[in-house]
Amino acid sequence: MPNIVVVGTQWGDEGKGKVVDILTPHVNVVVRYQGGNNAGHTVVVGREKYVLHSIPSGILHAGCRCVIGCGVVVDPGSLIEEMEALVQRGVSFDGNLFISKNAHLIMPYHPALDRASEAKLGSRRIGTTGKGVGPAYVDKAARVGIRMADLLDVQLFREKLERNVAQKNRLLREIYDAQTFTVDEILNPYLRYAGWLAPYITDTASLLTRWIESGYSVLFEGAQGTMLDMDHGTYPFITSSSTTSGGAATGTGVPPTRLQGILGVAKAYTTRVGSGPFPTEMSGQMAEDIRARGNEYGATTGRPRRCGWFDAVVLRYAVRINGLDTVALTKLDVLDQCETVKICTGYRYKNELLTDFPEEEAVLDGAEPVYEDVSGWMSPTSRAKNEADLPAKARRYLERLEELIGVPFCMISTGAQRDETILCEDSPLMRWFPSVRSSLL
Ligand code: IMP
């Protein structure tokens, strides 16, 4: 049974939630391996819309085991709220959620530091979600972080908390002129969270290995996107985790040799929330139209997303960095009313034509997109069941994109519903999950 990684190929918000939801009936386990509640994975089931932040999207399928891996940072209060809201809507947590004992905790001083640091950066701010994800990973790397397992040892938890509160209060007071914390105001709620979460905290790395050895199939659900990766993204305008496929191994303890395939998710255009370079960004009426048609507002913060044309340079980079086997293209329908659709095929920098994504900040800042215009199809795509049902001009757009990125599409999404999905013939996805078509019925 294959173990497949699903990653975002752009700056997040590509529609990974829908893709994971379609694949979940064909796997036994869905694992989150990085990020935290900065993510917002939207899944629409009939008339119901779910936005998942820390819990893997697989939770919406009874029988699927969901794991929060060691690479994730967990805000326990927000996780419990998310669980309670799902329980209200009929989802059960009965032997189907497993949280790594090594996952680091987001503590109340992390969002405070996140916000204070952004305020101090002024015009150079990253535009974070303010959830404290960056500062929690700072503590992890600085070896002062507090982990899930520590929650279960009151004495140890108190000692680590006392040391951290003393240090963070100095930072908050002396560097940021911000409000400080007392140990007790954190200790009491966190001990309550510990009681709540204790049954779910376990050694997920060895569980996953055992499950894989016994023939289970695991889906690794990436959050954010390739261009927000800490090492490979548009640094410093990134999130603080390994969003690319390599993170699936380090963020779970499952060795890379156990991964059989990597599926990238890309939007038929591009969006970005927060600051940082975005070569194909649109402005004016076109940006507003795409934002409105695509409902491009952050699922976690509600912020309007910046919108732009499809960037094949970014996609080729994502293919290389993640080792993508195939790509699921989402939101094709959002372009249905465009008279002309633009594809960025390269960047012009000074007198040079760049076809590889430049990682140097100065080059990226000065890079001008080079576009190829494609005639728009000006007709609806969302009822198409097969590629052949799509308007000829939409098919031409897809063929050109495939040619430019160099890997085949496996899925074309034309709406939020499960049945607004076209499965492409002969794609790697069909080999991994031969019965995938049954999820669309
Ligand atoms: P942080 O992850 O909150 O530290 O934010 C760092 C950058 O990543 C900001 O530009 C955020 O807008 C962006 N970001 C974080 N999570 C997501 C996401 O789930 N989708 C899109 N952008 C995200």
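Points worth noting:
- The distance from the alpha carbon centre of the stretch 290-342 to that of the stretch 370-428 is 13 Å, rounded to a whole number.
- Relative contact order computed over the stretch 309-380 (Cα-Cα under 8 Å; 6+ residues apart), in percent: 40 percent
- Listed by chain and number, the lysines whose C-alpha is less than 16 Å from the C-alpha of LYS342, apart from same-chain residues fewer than 8 away, are LYS267, LYS331, LYS393.
- Given their separation in residues at 0.36 nm each and the Cα-Cα distance between them, ASP365 and LEU207 gain 52.4 nm when the chain is fully extended.
- Proximal lysines to LYS131, defined as alpha-carbon separation beneath 23 angstrom and excluding residues fewer than eight positions away on the same chain: LYS16, LYS49, LYS101, LYS120, LYS140, LYS160, LYS168
- Under the criterion of Cα pairs below 8 Å and six or more residues apart, the relative contact order for the chain equals 20 percent.
- Aspartates and glutamates whose Cα lies under 15 Å from that of LYS385, excluding same-chain neighbours fewer than 8 positions away: ASP333, ASP419, GLU420, GLU425
- Taking other C-beta atoms within 10 Å as the exposure proxy, LYS140, LYS160, LYS49 rank LYS49, LYS160, LYS140 from fewest upward.
- Efficiency of FRET between ASP389 and GLU288 - r from beta-carbon atoms, R0 25 angstrom, step 0.05: 0.25
- Computed [θ] at 222 nm, deg cm²/dmol, the chain (DSSP H ≥ 4; -39,500 (n - 2.57); rounded to nearest 500): -9500 deg cm²/dmol
- Ranked packing of 94-100, 380-386, most packed first, by mean Cβ within 10 Å: 94-100, 380-386
- Rounded if a/c under 1.5, otherwise prolate or oblate - the stretch 182-340, Cα gyration tensor axes: oblate
- Point-charge dipole on Cβ atoms (K/R +1, D/E -1) for the chain, about Cα centre, debye to 20: 560 debye
- Take the Cβ atoms of GLU281 and ARG124, set R0 to 22 Å, and the FRET efficiency comes out at 0.75.
- Residue-span extension gain [TYR235 to ALA149] - 0.36 nm each, minus C-alpha spacing: 27.8 nm
- Centroid-to-centroid separation of the stretch 197-260 and the stretch 62-85 [C-alpha atoms, Å]: 14 Å
- Modelled label reach - THR355, point 7 Å along Cα→Cβ, the stretch 373-411 residues with backbone N closer than 16 Å: 400-407
- Computed E for ARG320/GLU48 - FRET, C-beta separation, R0 30 angstrom, nearest 0.05: 0.20
- Reduced Cα scattering model of the stretch 104-199, Debye log10 I(q)/I(0), q = 0.10, 0.18, 0.24 Å⁻¹: -0.27, -0.82, -1.31
- Alpha-carbon Debye profile of the chain, log10 I(q)/I(0) at 0.07, 0.13 Å⁻¹: -0.34, -1.16
- For the stretch 95-112, the residues whose amide N sits under 13 Å from a probe point set 7 Å from the Cα of TYR176 along the beta carbon direction are 107-112.
- Test item: Cα-centred dipole of the stretch 104-199, Lys/Arg +1 and Asp/Glu -1 on Cβ, debye: 320 debye
- Tensor-based shape of the stretch 80-122 (alpha-carbon gyration tensor, a/c under 1.5 rounded, otherwise prolate or oblate): oblate
- With the highest mean first, a sort of the peptides 169-181, 251-263, 5-17, 63-75 on other beta-carbon atoms found within 10 angstrom per residue produces 5-17, 63-75, 251-263, 169-181.
All of the numbers you see were taken from the coordinates with simple rules; none came from a lab. Computed from a predicted structure; not experimentally measured. Using ideal geometry, Cβ is built from the backbone for each residue, glycine included, and neighbour counts are taken over all protein chains shown.
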